[in-house]
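A quick write-up on the structure given underneath.
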Amino acid sequence: MASNSRYQPAPQRDSFDEPAFSHAPPSYQATAESPRTEDDNFGGTVAEAALPIRMQFIRKVYAILTVQLLLTTGLSTISFFNESYRLWIQSNFWLMVVSLIGAIGFMLLTYWKRKSYPTNLLFLAAFTALESYSISVVTSFYDARIVVQALVITLAIFFALTLFACQTKYDFTSWIPYLFGALWLLIIFGFMAAFFPMNSTMELVYGGIAALIFSGYILVDTQLVMRHYHVEEEIAAAISLYLDIINLFLAILRILNSQSNN
């Protein structure tokens, strides 16, 4: 039996340009009781944080970096004042290989647990100790005068580049893909050089290119520290700067040694 009632379609909007709501949703400023301060559990990037939070993050990064550099310098200094220790680390070169592998492992663990206190600090301490031992083995084969000169030049370049990266308006983070590619070319060239020993001129060129690459990384990582890192990633930021300084130091050490050989 047919029904006499007709189907009534549901009302539809004539245009999607018409607003669906009569009022816009409230903004964060309208709902927040007060601006974010250092007492808040802020979880954004450094650039988004309030000034006190940013300054606290930067102090943490450079405090960690200072401790790492002091430990590395201390272990490297021992080989110049203790002849038996220097001979021991040079005769047990296999231990340096183990320490390098261990340093890479603990570095990865530190990045993995970079926000887990105090596990991140334990992994960081192990990474720094193993890396410092490796550097002490390398520097034990060089003259103490050259090592001191390389250290002073490295620190001077680091401070100058840090100040420049903080003051300039240019965004050096756009260099990341180019520096990454140049770094891999440097690694491949260094691997090939292990089978074909380089003369002093090639050592100078290799060291100069490496110094330029890691100087660029200091500019990039400094701006990442100031703007792009998460406020709880001070350990990851410190490791990045530490590796930049170490590699720049080794490059300058290579340059000075090649000049000394000439």
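Residue-by-condition table, conditions (1) under 30 Å from Leu109 (Cβ atoms); (2) of a type in the set (Ser, Thr, Tyr):
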{"residue": "Gln149", "(1), (2)": "no, no"}
{"residue": "Tyr170", "(1), (2)": "no, yes"}
{"residue": "Pro177", "(1), (2)": "yes, no"}
{"residue": "Gly207", "(1), (2)": "no, no"}
{"residue": "Leu212", "(1), (2)": "no, no"}
{"residue": "Leu219", "(1), (2)": "yes, no"}
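Scanning for something part of a helix (DSSP H, G or I), under 30 Å from Pro118 (Cβ atoms) and modelled with pLDDT of 85 or more, does region 249-256 turn up at least one residue? Yes, region 249-256 contains a residue that is part of a helix (DSSP H, G or I), under 30 Å from Pro118 (Cβ atoms) and modelled with pLDDT of 85 or more. State all residues of region 79-120 that are within 14 Å of Val137 (Cβ to Cβ), surrounded by 12 or more Cβ atoms within 10 Å (Cβ to Cβ) and of a type in the set (Ser, Thr, Tyr); if no residue qualifies, say none. Those that are within 14 Å of Val137 (Cβ to Cβ), surrounded by 12 or more Cβ atoms within 10 Å (Cβ to Cβ) and of a type in the set (Ser, Thr, Tyr): Ser79, Tyr85, Ser99.
No other residue among Ala156, Ala237, Ala150, Ala165 is under 30 Å from Gln56 (Cα atoms), in contact with a Ser or Thr (Cβ under 9 Å, 6 or more places away or on another chain) and of a type in the set (Gly, Ala, Ser) apart from Ala165. Consider region 55-78 and keep the residues that are without any contact (Cβ under 8 Å) to a residue 60 or more places away in the chain and not aliphatic (A, V, I, L, M). The one that is farthest from Tyr142 (Cα to Cα) is Gln56. Taking region 149-203 as the range and being under 22 Å from the mean Cα position of the chain (by Cα) and of a type in the set (D, E, K, R) as the test, the residues that pass are Lys169, Asp171.
If the condition is being part of a helix (DSSP H, G or I) and either exposed (fewer than 10 other Cβ atoms within 10 Å of the Cβ) or free of Cβ contacts under 8 Å to residues at least 24 places away in the same chain (or both), then region 179-203 contributes Phe180, Gly181, Trp184, Leu185, Ile187, Ile188, Phe189, Gly190, Phe191, Met192, Ala193, Met202.
If you go through region 192-224 and pick out every residue that is modelled with pLDDT of 85 or more and either within 30 Å of Ala63 (Cβ to Cβ) or in contact with a helix residue (DSSP H, G or I) (Cβ under 8 Å, 6 or more places away or on another chain) (or both), you end up with 20. Every condition in (1) part of a helix (DSSP H, G or I); (2) surrounded by fewer than 19 Cβ atoms within 10 Å (Cβ to Cβ); (3) of a type in the set (Phe, Trp, Tyr); (4) touching a residue at least 12 places away in the same chain (Cβ under 8 Å) is met by Phe159 except one, and the failing one is (4).
Name the single residue, out of those in region 204-244 being among the charged types (D, E, K, R) and farther than 19 Å from Trp112 by Cβ, that is farthest from the chain's Cα centre (by Cα). Don't jump to the end; show me each part of the working.
Initial filter on region 204-244 (among the charged types (D, E, K, R)): 221, 227, 232-234, 244.
Applying the additional criterion that residues be farther than 19 Å from Trp112 by Cβ yields 221, 227, 244.
Numbers: Asp221: 6, Arg227: 13, Asp244: 7 Å.
Checked region 204-244; the qualifying residue farthest from the chain's Cα centre (by Cα) is Arg227.
Looking at the structure I just gave you, is Tyr62 over 21 Å from Met226 (Cα atoms) and either at pLDDT 85 or above or surrounded by 14 or more Cβ atoms within 10 Å (Cβ to Cβ) (or both)? Spell out how you get there, then give the answer.
On the way: over 21 Å from Met226 (Cα atoms): no; either at pLDDT 85 or above or surrounded by 14 or more Cβ atoms within 10 Å (Cβ to Cβ) (or both): yes.
Answer is no for this residue.
The values are calculated or read from the model by the stated rules, or taken from the named source; none is laboratory data. This one's a predicted model, so the numbers in the text were calculated from it and none came from an experiment. As a convention, Cβ positions derive from the backbone with ideal geometry for all residues, glycine included, and neighbour counts pool all protein chains shown.
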